[in-house]
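Inspection log for the structure reproduced underneath, given as structure tokens.
The values are calculated or read from the model by the stated rules, or taken from the named source; none is laboratory data. Predicted model, so just to flag it, every value in this text is computed and none were measured. Cβ atoms come from the backbone with ideal geometry, glycine included; neighbour counts cover every protein chain shown. Calculation scope for accessible area: heavy atoms of the full protein, side chains included, ligands and nucleic acids excluded. Shrake-Rupley method; radii C 1.70, N 1.55, O 1.52, S 1.80 Å.
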Amino acid sequence: MVKVRDLGLGFNSDEIVLFKYCSGSCHRARSNYDLTLGSLLRQKLITPGPQERVLSHPCCRPTRYEAVSFMDVENTWQTVEKLSAAECSCIG
């Protein structure tokens with residue numbers, strides 16, 4: 001449960017909404033790509049650039065989203081599409 005104004009989307013509202021997110025480990029879902037990339041990174045045979053972040057394992061990410069509705073300080077209903085995770089899976 002978080003205040004709408006804390007979502008970082010610029011809405012001015014004191015309402016509290018349920019923000020569902022994905023978390024967890026995906027190591028069991030590692031593919032040959034993930035295993036190879038991890039090995040090459042450890043051996044320093046490939047090196048990411050200074051602004052790159054390379055992950056050698058799948059990430060737990062939303063695969064389906066829900067919209068969230070709330071009332072702002074102007075008493076106007078707002079709806080933010082694709083805000084809250086409705087379903088998660090290992091992606092990558």
(message) Keeping every protein chain present and rolling a 1.4 Å probe, give me the accessible area per residue for the stretch 15-92 in Å².
(response) 75 Å²
(request) Relative to the longest principal axis of the C-alpha atoms of the chain, give the angle of the C-alpha long axis of helix 32-42, reported between 0 and 90° and rounded to the nearest 10°. (result) 70 degrees
(message) Given the DSSP H assignment, sum -39500 (n - 2.57) over each helix run of at least 4 residues in the chain and divide by its residue total; what's the result at 222 nm in deg cm²/dmol, nearest 500?
(response) -3500 deg cm²/dmol
(request) Provide the descending list of Cα extents for the chain along its principal axes, expressed in whole angstroms. (result) 57, 28, 17
(request) Could you tell me what percent of the accessible area of the stretch 1-74 is made up of carbon and sulfur, with a 1.4 Å probe and every protein chain present? (result) 51 percent
(message) How much length would be gained if the chain were fully extended between L18 and N32, taking 0.36 nm per residue of separation minus their Cα-Cα distance, in nm to one decimal?
(response) 1.3 nm
(request) Starting from the Cα of V73, step 7 Å along the direction of its Cβ; do the same at E87; then give the gap between the two resulting points in nm. (result) 3.9 nm
(message) Charges at C-beta only: +1 for Lys and Arg, -1 for Asp and Glu. How large is the resulting dipole of the chain about its Cα centre, in Debye rounded to 20?
(response) 720 debye
(message) Whole-Hz ³J(HN,Hα) for each residue in the stretch 25-31, computed from phi via Karplus 6.51 cos²θ - 1.76 cosθ + 1.60 with θ = phi - 60°, x for glycine and proline: what do you get?
(response) 8, 10, 4, 6, 8, 5, 9
